[in-house]
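The values are calculated or read from the model by the stated rules, or taken from the named source; none is laboratory data. These numbers come from a predicted model, not from an experiment. Virtual Cβ from ideal backbone geometry, glycine too; neighbours counted across all protein chains shown.
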2 protein chains.
Amino acid sequence: MANRDLNRALRFTLRGTAAAVSARSGVLDLAHGRVATPAFMPVGTQGTVKTMTPRELEEAGVEILLANTYHLLLRPGPERVARLGGLHRFMGWPRPILTDSGGYQVLSLTDRVGITDEGVRFRSHLDGALVELTPERALDVQIALGSDVMMLLDVCPPYPSSPPALRAAVHRTQAWAVRSAAHLGAVREEGRLTPAGRRPGAVFAIVQGGVDLDLRQAAARDLTALDYPGYALGGLMVGEPKTATFAAVAAVNEVLPVDRPRYLMGVGAPDDIVRAVGAGVDLFDCVLPTRNARNGTVFTRRGKIVIKNAAWKDDPRPIDERCRCYACANFSRAYLRHLFHSGEILGPRLATLHSVSFYLAMMAEMRESIGDGTFARWSADFLAEYAAGEAERRERLAAGRTAEP
Amino acid sequence: MANRDLNRALRFTLRGTAAAVSARSGVLDLAHGRVATPAFMPVGTQGTVKTMTPRELEEAGVEILLANTYHLLLRPGPERVARLGGLHRFMGWPRPILTDSGGYQVLSLTDRVGITDEGVRFRSHLDGALVELTPERALDVQIALGSDVMMLLDVCPPYPSSPPALRAAVHRTQAWAVRSAAHLGAVREEGRLTPAGRRPGAVFAIVQGGVDLDLRQAAARDLTALDYPGYALGGLMVGEPKTATFAAVAAVNEVLPVDRPRYLMGVGAPDDIVRAVGAGVDLFDCVLPTRNARNGTVFTRRGKIVIKNAAWKDDPRPIDERCRCYACANFSRAYLRHLFHSGEILGPRLATLHSVSFYLAMMAEMRESIGDGTFARWSADFLAEYAAGEAERRERLAAGRTAEP
């Protein structure tokens, strides 16, 4: 029976295969619109997906993006964003936004952290101010931003962590999920609205447990009992072997309710996403396509391309001849290389545009192949081509043929 | 009678007032298309107008842009650009391009310069390589780039310069213009084409002479005798008082043939451009809208706005409520300020987009008002509003009310 304290500001409709640990496609209806799943969310850390306009994001096929509560909490602050009409209006993005809780970045970006049962305390990396984030405050900030999908505050232990540390993280995460449910009940009771005058967004709980499959499954069962409308897998792809990652994904997905969206946080490279979709994951976010692009590395069907390489000096071909993005339709590898070597902003711009477009096209192909029952074949082909391209690139690199910048 | 050695790869048709020193509108037909004048050329130094795509330039109304021969000569080199089909294809810009000769930037950017009657020698600011630029080589490079309008190599003396130095610069510039005409004859004789298979572009000569009106007029007369299809005013707005600048513009325009386009190089601020159009100038280029935007200062009808100012912290208004650019249609001053304070590339992007759009809209209004005979009124209104806005800004600055960043 549904927990009436939890705001169900989403509707999730499965379309494709619906077994627990196989690829599935669906539709996620949120306050600001519809998201076809499996979906990839580009990361807009500070209220902008670095280098891109909302128009370009929409043209690339983006239907939902992620914004970081930690960064927006510190600058410009949720009160200011709320006064300006909420995050959607502030950044000019009309479609859904998922916000993280801020907890992960507190752990990875700040120096002095105190974690207690109450919450986390840290000093701002901007001005050293002491800030506290509790499960309740994390939700309040996300409501003030006007998020479509809010994430619960959790404890994400590093890899490797001792079994007691993993268990403690799971227990605290569960306790915070219970407190969060109570807080959401109170928020609902008081009739609080977002800055845009809507009911607060949907909330996802986060399954921790490292690579301990039993602990992961127990954590997933305990959270499922709280009846959240969506679940995330946190604390994966943080250094553990990939076999362990995918074993954990499969184990958790066996336990999570089939009718709720599943979000694998912070993943990942194209081949990892394809494998995770095959294991029944619906949502992804990652800085790889945007961050790598700014450093001059872009993704293609045949793996990564390092734009600055001397190999492209006179190459009139686009980054990816099968890509339909604005960058590939109009510019050569030689020009992109020139832009990066000249320190021109248009270089990172076009590289980001390509890689985000590539990721989104990959997700669209997966949805289509799941829909027509050909995902297994599509996935095998994609992974084979990607691996072959990467192997070639590593060979060239080893042979030093592209080492000259 | 026309000098048959000079390639006339342009047609210039005056539409508005055609007196020597009053505002005029016209149409400049070049190899890659039509340019309505008076026109502003954004500067694409290294084969890109910094932060902008060609699509954004076209949407802003840009019909011609400027590229710097000096920078492209050093990187990626004219041979490479030619192999890749010429500068238009290289940078994905289908419309006209004017290239400078490289001479000005040799003087302003390089350390060791030797100027002789033969040409200029300098060391690359990139790798210290010794490079020579002669009047002939400057044209050859511009032909290899596939420029629509090429500029002659000239000598641009600093301000102030002694009368002998000014006269020497004018004489050398004239001698080089004579040699250039002979070289263009040879190029024509050999049937040389651009990388795109076209005949080489049109060529403009440059009038020097500092603020010595007699010397300027003599220089203009001597160059006019060579019958170039267009003329530029060089060496102005380099530190001299503005009254001297506009006296020089007026003096030169009295002498230049009415039926040839006139280009005031490196100018300028919006009010300076409006005044120069009033004095009969047709073409402008300047880094102000793009460079200032990257530093967070944008142009409006009421003068400059410094985006980082604390005054805009909670301001939901766009940069300029009368502007129709993508930045003004979608984003607040508060958001722009957040982007600049957060070091986000989207900040310089949107600021540049606005300022270039503002310049181009200003040029379009001038063409229209010249066409319907209302330029004098339009110009007086524009200059009054711009001056009033700038006076207010300076007052606020003096009062320290916008000093807090």
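Descriptive notes on the structure:
- Flag for A:ARG123 being among the basic types (Lys, Arg) and within 27 Å of A:LEU283 (Cβ to Cβ): no
- In the range B:158-173, the residues that are among the aromatic types (Phe, Trp, Tyr) and farther than 15 Å from B:GLY234 by Cβ: none
- In the set (1) under 22 Å from the mean Cα position of the chain (by Cα); (2) at pLDDT below 95, the condition left unmet by A:ILE115 is number (1).
- Residue in the range B:264-271 that is more than 29 Å from A:LEU72 (Cβ to Cβ), in contact (Cβ under 8 Å) with a residue 24 or more places away in the chain and assigned to a helix (DSSP H, G or I) present: yes
Residues are listed down the side, and each one gets a yes or a no for (1) in contact with a Pro (Cβ under 9 Å, 6 or more places away or on another chain); (2) at pLDDT below 95; (3) surrounded by fewer than 18 Cβ atoms within 10 Å (Cβ to Cβ):
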| position | (1), (2), (3) |
| --- | --- |
| B:GLU63 | yes, no, no |
| B:LEU66 | yes, no, no |
| B:THR69 | yes, no, no |
| B:LEU72 | yes, no, no |
| B:ILE97 | no, no, no |
| B:ASP100 | no, no, no |
| B:LEU107 | yes, yes, yes |
| B:ASP111 | no, yes, yes |
| B:VAL120 | no, yes, no |
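- Residue check for A:ALA82: surrounded by fewer than 23 Cβ atoms within 10 Å (Cβ to Cβ), among the hydrophobic types (A, V, I, L, M, F, W, C) and modelled with pLDDT of 95 or more: yes
Results for (1) assigned to a loop (DSSP other than H, G, I, E, B); (2) under 22 Å from B:GLY102 (Cβ atoms); (3) outside the structural domain of B:LEU264 (by TED's automatic domain parsing), shown as yes or no for each residue.
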| position | (1), (2), (3) |
| --- | --- |
| B:LEU166 | no, yes, no |
| B:THR173 | no, yes, no |
| B:ALA177 | no, yes, no |
| B:GLY185 | no, yes, no |
| B:PRO200 | yes, yes, no |
| B:ALA205 | no, yes, no |
| B:ARG221 | no, no, no |
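- Scanning the range B:348-361 turns up one or more residues that are more than 15 Å from B:ASP271 (Cα to Cα), out of contact with any helix residue (DSSP H, G or I) (no Cβ under 6 Å at 6 or more places or on another chain), within 14 Å of chain A (Cβ to nearest Cβ) and not polar (S, T, N, Q).
- Some residue of the range B:371-393 being basic (Lys, Arg), under 23 Å from A:ASP127 (Cβ atoms) and out of contact with any strand residue (DSSP E or B) (no Cβ under 7 Å at 6 or more places or on another chain): no
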